[in-house]
1. List the pairs whose first member sits in segment 33-54 and is free of Cβ contacts under 8 Å to residues at least 40 places away in the same chain, whose second member is of a type in the set (Lys, Arg) and assigned to a loop (DSSP other than H, G, I, E, B), and whose Cβ atoms are under 8 Å apart, counting only residues at least 6 apart or on separate chains?
2. May I ask you to list pairs of residues, at least six apart or on different chains, whose Cβ atoms are under 9 Å apart, with the first in segment 139-150 being farther than 17 Å from Ser168 by Cβ and the second being at pLDDT 80 or above and charged (D, E, K, R)?
3. Considering only strands (runs of 3 or more DSSP E) fully contained in segment 76-119, which possess at least 3 residues that are surrounded by fewer than 19 Cβ atoms within 10 Å (Cβ to Cβ)?
4. Under 8 Å by Cβ, and 6 or more places apart or on different chains, what pairs join a residue from segment 177-198 that is surrounded by 13 or more Cβ atoms within 10 Å (Cβ to Cβ) with one that is in a helix (DSSP H, G or I) and modelled with pLDDT under 85?
5. Taking segment 27-64 only, how many residues are closer than 17 Å to Cys95 by Cβ, in a loop (DSSP other than H, G, I, E, B) and among the hydrophobic types (A, V, I, L, M, F, W, C)?
6. Restricted to segment 31-45, and to residues that are of a type outside the set (Val, Ile, Thr) and farther than 19 Å from Asn114 by Cβ, which residue is surrounded by the most Cβ atoms within 10 Å (Cβ to Cβ)?
7. Every residue in segment 156-176 that is open to solvent by less than 60 Å² (accessible area, probe 1.4 Å), closer than 13 Å to Val187 by Cβ and either in a helix (DSSP H, G or I) or in contact (Cβ under 8 Å) with a residue 60 or more places away in the chain (or both), please.
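The values are calculated or read from the model by the stated rules, or taken from the named source; none is laboratory data. Since the model is a prediction, treat every value here as computed from it, not as a measurement. No Cβ is skipped: glycine too gets one built from the backbone with ideal geometry, and neighbour counts run over all protein chains shown. Just so you know, the surface numbers come from the protein's heavy atoms only, side chains and all, with ligands and any DNA or RNA stripped out. Shrake-Rupley method; radii C 1.70, N 1.55, O 1.52, S 1.80 Å.
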Amino acid sequence: MKTTRCILQSAVIILMLMTVALPTWGIFNPVSPYLYSENMTMVIQLKNGEQVLDTCEVAAFVDGECRAASRAEKGLYYLVIVGEGGDQTVEICTCLNNKIVTIDNSIVYESDQNIGTPWAPYVIDVSDVLSEKTKEGDCNGDGVVDVADIATIISIMALGAEADPVASSAADVNKDGTVDVADIASVISIMSENARRI
């Protein structure tokens, strides 16, 4: 009886451990938190004007090394940035329009520092970064209007409501509020016009 109970308890513990979700990073790969003995924390909210962006991945880099990464949880990005000492610039990066961009580099690493809270997050407005898009129809942000932009539109159409709102905005080439076949036609039209100029 005692052995059966121990086996059942062990099975329950194993099942509980199997259900713990470990983060899987899509863009950024932070270093092990065990490499450094100290840390600082940040609670960040990304905005595009008044719109909260909660589908990105945000990372903190110190000396070119990814020290933390996070996806949004209820509109906020929680970072525990590992390191040692202080007076090191922290670069906050994200991926916008398929490009990794620095969205803030005004933070200085200081051990045990806390920046932002769930009630008063550190807000980063990325509207300036998003407005740097130079070419109409360049949905993937690579600087060229081509077939890859059509593939981006199709991908966003397939994702539907799950698509990144920033990417959806870039893919809405005709600015009618929806990403659809009309946007593909707009990109083809832009590609044809560019070909005529050559």
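1. Asp54/Lys74
2. Hits for this filter: Asp142/Asp149; Val144/Asp138; Val145/Asp138; Asp146/Asp138.
3. Values: elements: 77-83, 86-96, 99-110.
The strands (runs of 3 or more DSSP E) meeting that bar are 86-96, 99-110.
4. What qualifies is Val179/Ser168; Val179/Ala171; Asp183/Ala171.
5. Going through segment 27-64 one residue at a time, the tally reaches 3.
6. Just the residues of segment 31-45 that are of a type outside the set (Val, Ile, Thr), to begin with: 32-40, 42, 45.
Pick out the ones that are also farther than 19 Å from Asn114 by Cβ and you get 32, 34-35.
Details: Ser32: 7, Tyr34: 7, Leu35: 12.
Among those that are of a type outside the set (Val, Ile, Thr) and farther than 19 Å from Asn114 by Cβ, it is Leu35.
7. Result: Ile156, Ala170, Ala171.
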